Amino acid sequence: MKEVEYIRYLEGLLPREGYSIIDLNECLIDFVSKYRAEVAELYEMLQSATHEIFKAPVGEESPDLFRAIINRIHAAFQQNQVPVLINTGALYGTGIQNIHIMENESVMKANLPIIILYPATHEADRLLFLGKQPASKYRCMIIE
């Protein structure tokens, strides 16, 4: 429940014209709703590589969640807004990791930062996404 409180506080704190809040839970729901039949078909075909449903292999042009997220981030940059990613826990199990977003060309070449609310635990020198999966601290500033 703390995450919801943080998000509400953040929404009240940030001026709408300078920031674009991108809800990844909403992105996931929109993607699955829009491509329901394709997701079901891909799930049957790719049972050993289900992460490819949400992040297509390099060179493949099929619709994927990762591309949809990057398009939203890119659109924010085009409007001179700082993208703020919320509900990033929705990415767990999709094969999309923070590092994939950070290393995307649109993000790396942007003149603005990106803010990612990241549900993690910080233990000693380790950052664990959702308290389970080791996470990269590459190019990030941890605020506790």
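At a glance:
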{"quantity": "Qualifying residue in segment 1-16 (condition: outside any helix (DSSP H, G or I), more than 19 Å from N111 (Cα to Cα) and at pLDDT below 80)", "calculated": "yes"}
{"quantity": "Flag for G93 being within 16 Å of Y118 (Cα to Cα) and either within 11 Å of the chain's Cα centre (by Cα) or surrounded by 15 or more Cβ atoms within 10 Å (Cβ to Cβ) (or both)", "calculated": "no"}
{"quantity": "Residue check, Y19 surrounded by 15 or more Cβ atoms within 10 Å (Cβ to Cβ) and closer than 26 Å to Y6 by Cα", "calculated": "yes"}
{"quantity": "Residue check for N25: without any contact (Cβ under 8 Å) to a residue 12 or more places away in the chain, in a helix (DSSP H, G or I) and under 15 Å from the mean Cα position of the chain (by Cα)", "calculated": "no"}
{"quantity": "Condition met for S62 (of a type in the set (G, A, S), touching an Asp or Glu at 6+ places or on another chain (Cβ under 9 Å) and either over 22 Å from G18 (Cα atoms) or at pLDDT 90 or above (or both))", "calculated": "yes"}
{"quantity": "Residue in segment 60-82 that is within 22 Å of V39 (Cα to Cα) and in contact with a Leu (Cβ under 6 Å, 6 or more places away or on another chain) present", "calculated": "no"}
{"quantity": "Residue match in segment 63-72 (condition: basic (K, R), farther than 15 Å from L117 by Cα and touching a strand residue (DSSP E or B) at 6+ places or on another chain (Cβ under 8 Å))", "calculated": "yes"}
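The values are calculated or read from the model by the stated rules, or taken from the named source; none is laboratory data. Everything quoted here is computed from the prediction, not taken from an experiment. Glycine gets a Cβ as well: all are built from the backbone with ideal geometry, and neighbour counts include every protein chain shown.
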